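First the structure, in the form of structure tokens, and then the observations on it.
The values are calculated or read from the model by the stated rules, or taken from the named source; none is laboratory data. A quick note: this is a predicted structure, and the numbers were derived from the prediction, not measured. We place every Cβ from the backbone using ideal geometry, glycine too, and count neighbours over all the protein chains shown. Please note that ligands, DNA and RNA were not included when accessible areas were found on the heavy atoms of the full protein model with its side chains. Shrake-Rupley method; radii C 1.70, N 1.55, O 1.52, S 1.80 Å.
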Amino acid sequence: GMDGLAELFASADYIVSVLPSTPATRGMIDGSVLSAAASSRRDGAQPPTKPPVLINVGRGDVIGESTALEALERGWLGHFVSDVFAPEPLRAESPLWAHPKATVTSHNSAVTQPEDVAAAFADNLERFERGGVEALREGGATFDWEAGY
């Protein structure tokens, strides 16, 4: 549960989130988790340890922009790095762009060649035309329909 997540975060120097966006993960990294982790770090460490760095390269709605800002301001996080935001792209007026403890990067997890996209689309279209959505579900697609990613 969330207590376990806070406990895990309390023991980490770096937290890397690669979570997908699902009903179970949206907002999972919230103020209650980060503040509990920070409190646990302060209470258990002699001398107190510095707050962790959170790197989010999964989906932007796992941690909200306002949560990240609050965590930085309250010292729950030492630094926040992200290439994903909800909504995408990060709004131009977001304080994260200029925050000294935030690093905003472009979302480039892979190099995609146009001919690769066209071939994958053509394969999916052919399977769909043959058997509808069920053919996509059974045809080796990398999307897990039940999990939502």
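Kindly indicate which of PRO100, PRO95, PRO51, PRO47 is under 19 Å from ALA12 (Cα atoms) and either at pLDDT 90 or above or surrounded by 14 or more Cβ atoms within 10 Å (Cβ to Cβ) (or both).
From the options PRO100, PRO95, PRO51, PRO47, the qualifying one is PRO51.
Scan SER39, SER66, SER109 and give me the residue that is open to solvent by less than 90 Å² (accessible area, probe 1.4 Å) and at pLDDT below 95.
Checking each option against the conditions leaves just SER39.
Scanning the range 112-145 for residues that are modelled with pLDDT under 70 and not in a helix (DSSP H, G or I), which turns out most open to solvent (accessible area, probe 1.4 Å)?
Among those residues, the one meeting the criterion is THR142.
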